[in-house]
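> Here it is, the structure in full.
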Amino acid sequence: MEIVHTPVMKDEVLSFLAPVSSSPLMIDCTTGEGGHTEAFLDRYDDLSVIGLDRDVEIQKKAVERLSRFGERFTPVNCWFDEYLADAPDESADMILFDLGISVFHYVESQRGFSFRGDERLDMRLDAGQRLSAETVVNEYPETELADLIYHYSEERYSRRIARRIVEERAKERIVTASRLAEIVASAVPPQYRHGRISPATRTFQAIRIEVNGELDRITPALKEAVRVLKKGGRIAVITFHSLEDRPVKGFFKDLAGEGSVKILTRHPVIAGEDECRVNPPSRSAKLRVVEKCF
């Protein structure tokens, strides 16, 4: 089994999340390949972890990786907001959200998350759902496509990109990630095309968010997480862009104002220079942590 994802700010997360009872329970809402969960199970001998992930394929890797812990690790294939909505009150000591998309999806999944490969446009974490990236690109009206690209990535050329996509799909259905990347590049000015990041980066992010409903899940999940958490328990959230971070920051600020949680990270924790050098995805990561007061 090859592990391609390195957990972001592992040491920082371990230092903030500590059990508040004997035989503690942690809910890892975005288990991925199991890096964070493995670190916690190694540190706390009496800890049990419920590991959630909607992607069956990446969860198989976590199950194999964590098999040495036996019944201390329980995998659940589901969306985290749906699981937390049904979880018992005050049942967890720690709850962790790592909202980033795993490197696995870009490197191994073959679902069009990366625009560098000739992969079919898919981007689904739930292989059973009907909506895919191919559907969004080929069937959404131009205005709707432009709006989602702008709102889910803050892409300033969203209108131009949507117009070009619609023009090209009228000639031939767009079915691969590499073809979509070519179309996006052709729609933007030359100076933007050769900038620091690929001109397709923001558009691909926006389509992925739309396909998986990523932003719509955050606040409902956090509300339920607070209910599920024991008094004195902690929630940690790792975000990777402002569209994720803003609702987390705002939600925690509102709860702190009510007195129901205490914010432990006045400013978001960011990865150190050494980690950023060896684990590039950590460069954009922000960690926020709260503790439940009552």
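The values are calculated or read from the model by the stated rules, or taken from the named source; none is laboratory data. Because the structure is a prediction, the values reported are computed rather than measured. Cβ atoms come from the backbone with ideal geometry, glycine included; neighbour counts cover every protein chain shown. We work out accessible area using only protein heavy atoms, side chains counted, and drop any ligands, DNA or RNA first. Shrake-Rupley method; radii C 1.70, N 1.55, O 1.52, S 1.80 Å.
> Averaging over all projection directions, find the projected area of the Cα convex hull of region 134-273 and quote it in nm² with one decimal place.
10.9 nm²
> Calculate, for the chain, the solvent-accessible area per residue in square angstrom, rolling a 1.4 angstrom probe over the heavy atoms of the protein chains.
47 Å²
> Taking 0.36 nm per residue of separation and subtracting the Cα-Cα distance, what length does fully extending I263 through R193 add?
Taking 0.36 nm per residue and subtracting the Cα distance, the gain is 21.1 nm.
> Put +1 on the Cβ of each Lys and Arg and -1 on the Cβ of each Asp and Glu in region 217-294; which of V226, F251, H267 then has its Cα farthest toward the positive end of the dipole?
Checked the options; the winner is V226.
> Shifting gears a bit: Looking at region 206-294 from every direction and averaging, what is the projected area of its Cα convex hull in nm²?
Spelled out: convex hull of the Cα atoms, projected over all directions, averaged, 6.4 nm².
> With +1 on the Cβ of every Lys and Arg and -1 on the Cβ of every Asp and Glu, and nothing else charged, how large is the dipole of the chain about its Cα centre, in debye rounded to the nearest 20?
In debye, rounded to 20, the chain gives about 900.
> Could you state the angle between the C-alpha long axis of helix 177-187 and the longest principal axis of the C-alpha atoms of the chain, as a value from 0 to 90 degrees rounded to the nearest 10?
Helix 177-187 and the main axis of the chain meet at about 60 degrees.
> A follow-up question, please. List every residue whose amide H lies under 5 Å from the amide H of A271, counting only residues 5 or more places away in sequence or on a different chain, with H placed 1.01 Å from N in the peptide plane.
A285
> Ignoring any ligand, DNA or RNA, what whole percent of the accessible area of the chain comes from carbon and sulfur when the probe is 1.4 angstrom?
It is 48 percent, rounded to a whole number.
> For a quick protection proxy, order the peptides 273-283, 203-213, 50-60 by their average other-Cβ count within 10 Å, most packed first.
Highest mean packing first, the order is 203-213, 50-60, 273-283.
> Here's something else I'd like to know. Need one number: the % of Cα-Cα pairs in the chain sitting beyond the 25 Å mark.
49 percent
> Follow-up. To the nearest 10 square angstrom, what accessible area does Y150 show with a 1.4 Å probe?
110 Å²
> How far apart, in nanometres, would the label points at E273 and F294 be if each is projected 7 angstrom from Cα along the Cα-to-Cβ direction?
With each label point 7 Å from Cα toward Cβ, the separation is 4.6 nm.
> Here's something else I'd like to know. Along region 86-97, what does the Karplus equation 6.51 cos²θ - 1.76 cosθ + 1.60 (θ = phi - 60°) give for ³J(HN,Hα), rounded to whole Hz, x for Gly and Pro?
My calculation for region 86-97 gives 9, 6, x, 4, 6, 10, 10, 8, 9, 9, 10, 10 Hz in order.
> Hey, how many Å between the Cα centroid of region 166-189 and the Cα centroid of region 46-107?
Each part reduced to its Cα centre gives a spacing of 36 Å.
> If you don't mind, another one. Could you pull the accessible area for T74 with a 1.4 Å probe, rounded to 10 Å²?
Answer for T74: close to 60 Å² accessible.
> Another question about this same structure. What's the extension gain from C78 to D254 if we count 0.36 nm per residue and subtract their Cα-Cα distance?
Here the answer is 60.6 nm.
> Using θ = phi - 60° and the Karplus form 6.51 cos²θ - 1.76 cosθ + 1.60, what ³J(HN,Hα) does each residue of region 28-39 get, whole Hz, x for Gly and Pro?
Each residue of region 28-39 in turn: 9, 6, 9, 5, x, 7, x, x, 5, 4, 4, 4 Hz.
> Also: If you scale each eigenvalue of the Cα gyration tensor by 5 and take the root, what three semi-axes come out for region 75-219, rounded to whole angstrom and sorted largest first?
Computed over region 75-219, the values are 31, 15, 15 Å.
> Show the residues, 5+ positions off or on another chain, whose built amide H is closer than 5 Å to the amide H of R124.
The answer is A133.
> Quick one: what are the phi-derived ³J(HN,Hα) couplings along region 202-211, Karplus 6.51/-1.76/1.60 with θ = phi - 60°, whole Hz, x for glycine and proline?
Rounded to whole hertz, the list is 5, 5, 5, 4, 4, 5, 4, 4, 4, 4.
> Amide H of V49 versus every other amide H placed in the peptide plane: which residues, excluding those fewer than 5 positions away on the same chain, fall under 5 Å?
Close amide H contacts, sequence-distant or interchain: M26, F73, T74.
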